[in-house]
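One structure is given below, encoded as structure tokens.
Every read-out reported here was derived from the displayed coordinates using simple, explicitly stated rules and does not represent laboratory data. Quick caveat, the model's predicted, so the values are computed rather than measured. Cβ placement follows ideal geometry from the backbone for every residue including glycine, while neighbour counts extend to all protein chains displayed.
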Amino acid sequence: MQGKIFKGIGGFYYVMTETGVVECRACGRFRKERIIPMIGDEVVLDVKNGKGYINDILPRRSKLVRPAVANIDTLVIVVAAKSPDPNTAVIDKMLINAEINGITPMICINKSDLADADDLVKLYNGIGYKTVIVSAEEKRGIDELYTLIDGKVAAFAGVSGVGKSSLLTLITGSELETGEVSEKISRGKHTTRHVELFALNNGFVLDTPGFSSIEPEITAELDIAGLFPEIERLTGQCRFRGCRHIGEPDCAVKEAVKDGVIPESRYKIYTELCEIQRSIPEWN
Ligand SMILES: Nc1nc2c(ncn2[C@@H]2O[C@H](COP(=O)(O)OP(=O)(O)OP(=O)(O)O)[C@@H](O)[C@H]2O)c(=O)[nH]1
Ligand SMILES: [Mg+2]
Ligand SMILES: [Zn+2]
């Protein structure tokens, strides 16, 4: 039998299968081989005497750290049009983290009842990211958001107070009543936070704090230009093949920055990441 781990508590994994939820333990081999199942894992399981055992983990499509969740397809970066004011540095960091982890990001602008967000939409649509404008308060844009994550495993991330939980309550509302108890994931001082995927009709959602505080992990092999769609797009248009877009002549990327096509702020992050990479001993 095959299924998906949606929750883990005290050594038990809860696996959603075609025939319902199965409480499982990892098989003995896993401990010996130091394999740790993650929430989101697609697993092969066996049921013996009414007890479930996870025997195998299928290859992971992506891996999110803090919270550790596998196979997330979409990172919904939630920002507020106002209160708290959007911070593009934080958004860019989350975008880069998503790109590094092989997760498709999109930007969800909530609290559109409080302010417009034309600048943000223009900036990120221009780069090529999907944006959606919603208001949890006025229940606007929720269907469009739902359509964008339908059939996927979507993690909602963003700084505190932007409305992630409000949106997720609207999105999962009816399904949660019949399934798991709707436990609001709070990260208050004394609240135990457990990570859980919530099933939709077709797909899963996950509430996460932070993800902006994590420094992108830059390795020697990482294709940094590939983390920036607006830079990646221009690859091949520079005079030199293998142009790093830093100081080379006739560089299409530098031109685009000068013309305002590529935002200065994003180019600055690009150069900083290149700098970090250059300081890795194995880089060359
Ligand atoms: N005006 C307005 N307020 C909203 C909207 N969505 C959420 N809020 C309010 O914003 C506050 C924060 O919302 P939450 O859903 O708790 O935010 P969160 O992102 O889950 O915050 P953390 O759990 O701390 O990370 C609450 O008081 C909500 O009622 C909206 O669309 N418009
Ligand atoms: Mg919340
Ligand atoms: Zn170049």
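Under unit Cβ charges (Lys, Arg +1; Asp, Glu -1), what dipole magnitude, rounded to 20 debye, does segment 225-278 have relative to its Cα centre?
120 debye
Would you work out which of ASN110, LEU222, GLY203 lies farthest towards the positive end of the dipole of the chain, given +1 charges on the beta-carbon of Lys and Arg and -1 on that of Asp and Glu, about the Cα centre?
Working it through, the farthest residue towards the positive pole turns out to be LEU222.
Which residue, ALA157, ALA81, ALA252, tops the fluctuation ranking in a GNM of the chain built on C-alpha contacts under 10 Å?
Of ALA157, ALA81, ALA252, the Gaussian network model singles out ALA252 as fluctuating most.
Express the C-alpha Rg of the chain as a ratio against the empirical globular expectation 2.2 N^0.38 Å, rounded to two decimals.
With N residues counted in the chain, Rg over 2.2 N^0.38 Å equals 1.12.
Can you list residues from other chains, or at least 5 along the same chain, whose modelled amide H is less than 5 Å from the amide H of CYS27?
Long-range HN contacts for CYS27: ILE54.
As a test of the formula, what do you get for the chain when each DSSP H run with n ≥ 4 contributes -39,500 (n - 2.57) and the sum is divided by the residue count, at 222 nm and rounded to the nearest 500 deg cm²/dmol? Before the final figure, lay out the partial values.
On the way: 8 runs with 77 residues, N = 284.
Value at 222 nm, helices only, nearest 500: -8000 deg cm²/dmol.
Which residue fluctuates the most in the chain, going by a Gaussian network model with Cα springs under 10 Å, if the choices are ILE54, ILE231, ILE36?
It is ILE36.
What are the ³J(HN,Hα) couplings of segment 234-245, residue after residue, when phi is run through the Karplus curve with 6.51, -1.76, 1.60 and θ = phi - 60°? Round to Hz, x for glycine and proline.
Here the 3J(HN,Hα) series is 8, 4, x, 9, 7, 5, 9, 5, x, 4, 8, 6 Hz.
Rank these for me by crowding, TYR267, TYR13, going from fewest to most other beta carbons within 10 Å.
The fewest-first ordering by Cβ neighbours comes to TYR267, TYR13.
For segment 225-278, what is the relative contact order in percent, using Cα pairs closer than 8 Å and at least 6 residues apart in sequence?
26 percent
Can you classify segment 1-142 as rounded, prolate or oblate using the Cα gyration tensor, where a ≥ b ≥ c are the square roots of its eigenvalues, rounded means a/c under 1.5, and otherwise it's prolate if a/b beats b/c and oblate if not?
Prolate shape, in that a/c is at least 1.5 and a/b is the bigger ratio.
What GluC sites (Glu not before Pro) does segment 1-84 have in DSSP loop regions with at most 12 other beta carbons within 10 Å?
Here the GluC sites (Glu not before Pro) that fit, given the DSSP loop and packing criteria, are GLU18, GLU33.
For VAL78, list long-range residues whose amide hydrogen, built 1.01 Å from N in the peptide plane, is under 5 Å from its own amide hydrogen.
Close amide H contacts, sequence-distant or interchain: CYS108, ALA157, GLY158.
Using θ = phi - 60° and the Karplus curve 6.51 cos²θ - 1.76 cosθ + 1.60, what whole-Hz ³J(HN,Hα) does each residue of segment 107-122 get, with Gly and Pro shown as x?
10, 10, 9, 9, 6, 5, 6, 9, 6, 8, 9, 4, 4, 5, 4, 5
Place the peptides 94-100, 277-283 in order of packing, highest mean first, counting for every residue the other Cβ atoms within 10 Å and averaging per peptide.
By packing density, highest mean first, the sequence is 94-100, 277-283.
Say each of ILE276 and ALA68 gets a label point 7 Å from the Cα, pointing the same way as Cα to Cβ; how far apart are those two points in nm?
2.2 nm
Evaluate the distance, in nm, between pseudo-label points positioned 7 Å from the Cα of LEU148 and of ASN49 along their respective Cα→Cβ axes.
5.0 nm
Exposure proxy check: PHE30, PHE204, PHE240 ranked by fewest other beta carbons within 10 Å?
Values: PHE30 17, PHE204 25, PHE240 11.
Final ranking by Cβ density, sparse to dense: PHE240, PHE30, PHE204.
Nothing charged except the Cβ atoms of Lys and Arg (+1) and of Asp and Glu (-1): what's the magnitude of the dipole of the chain about its Cα centre? Round to the nearest 20 debye. Show your work: numbers first, answer last.
Details: 35 positive and 40 negative charges, 188 e Å.
Charge dipole of the chain: 900 debye, to the nearest 20.
Take ARG61, ARG241 and order them by how many other Cβ atoms sit within 10 Å, fewest up front.
ARG241, ARG61
So what is the relative contact order of the chain, in percent, for Cα pairs below 8 Å that sit 6 or more residues apart?
Numbers: 469 pairs, mean separation 39.9, N = 284.
Computed over the chain, the figure is 14 percent.
Can you give the FRET efficiency to the nearest 0.05 for ASP85 and SER265, using r as the Cβ-Cβ distance and R₀ = 25 Å?
The formula returns an efficiency of 0.95 here.
Identify all aspartates and glutamates with a Cα-Cα distance to LYS258 below 16 Å; exclude those on the same chain that are fewer than 8 residues away in sequence.
Hits, sequence-local ones excluded: GLU230, GLU248, ASP250.
Suppose a student asked you for the relative contact order of segment 2-57, using Cα pairs under 8 Å spaced at least 6 residues apart; what percent would you report?
Relative contact order for segment 2-57 comes out at 35 percent.
Which whole-Hz ³J(HN,Hα) couplings does segment 57-62 yield from phi under the Karplus relation 6.51 cos²θ - 1.76 cosθ + 1.60, θ = phi - 60°, glycine and proline marked x?
Karplus values, whole Hz, x for Gly and Pro: 10, 6, x, 7, 6, 7.
Taking a virtual spin label 7 Å from the Cα of ARG61 along the C-beta vector, which residues in segment 132-153 bring their backbone nitrogen under 19 Å of it?
Under cut-off, by backbone N: 145-153.
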